[in-house]
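The values are calculated or read from the model by the stated rules, or taken from the named source; none is laboratory data. The shown structure was predicted, so the numbers you read here are calculated from the model rather than taken from an experiment. Methodologically, a virtual Cβ is constructed for each residue, glycine included, from the backbone with ideal geometry; neighbour enumeration extends over all protein chains shown. What goes into the accessible areas is simple: the full protein's heavy atoms, side chains included, and nothing from ligands, DNA or RNA. Shrake-Rupley method; radii C 1.70, N 1.55, O 1.52, S 1.80 Å.
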Amino acid sequence: MHTDEPTRVLDVRDVDGEPFGHIDDALAELSDSERLLLVNAFEPVPLYDVLERRGFDYGTEQVAPDEWHVTIEAV
């Protein structure tokens with residue numbers, strides 16, 4: 001992961017219902033020079049396959065019992 005790229009933050013912890021639509025929109029808007037920091041209340045394991053299929057690299061960190069950060073960038 002490159003640390004000098006601009007980062008967008010998407011916090012989906014308060015999204016009513018399924019957050020995938022918000023995540024998908026944010027990924028579609030992401031430029032090659034940006035990263036997305038996804039903040040979620042749980043580890044979004046099903047998202048990992050989607051990211052890999054779409055050519056994204058990611059790193060996940062649990063920062064609190066109910067807070068996960070997933071940093072996503074284009075490969």
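Please enumerate the residues belonging to the range 25-50 that are within 20 Å of Glu67 (Cα to Cα) and without any contact (Cβ under 8 Å) to a residue 24 or more places away in the chain.
Ala26, Val45, Pro46, Tyr48
Criterion first (within 14 Å of Val75 (Cα to Cα) and not aliphatic (A, V, I, L, M)) does Arg54 satisfy it?
Judged against the criteria, Arg54 is a match.
Which residue out of Glu34, Glu67, Glu5, Glu18 is at pLDDT 95 or above and among the acidic types (Asp, Glu)?
The conditions single out Glu67.
Only residues that are touching a Phe, Trp or Tyr at 6+ places or on another chain (Cβ under 8 Å) and open to solvent by 40 Å² or more (accessible area, probe 1.4 Å): list them for the range 23-71, please.
Hits for the range 23-71 are Ala41, Phe42, Glu43, Tyr58, Thr60, Glu61, Gln62, Asp66, Trp68.
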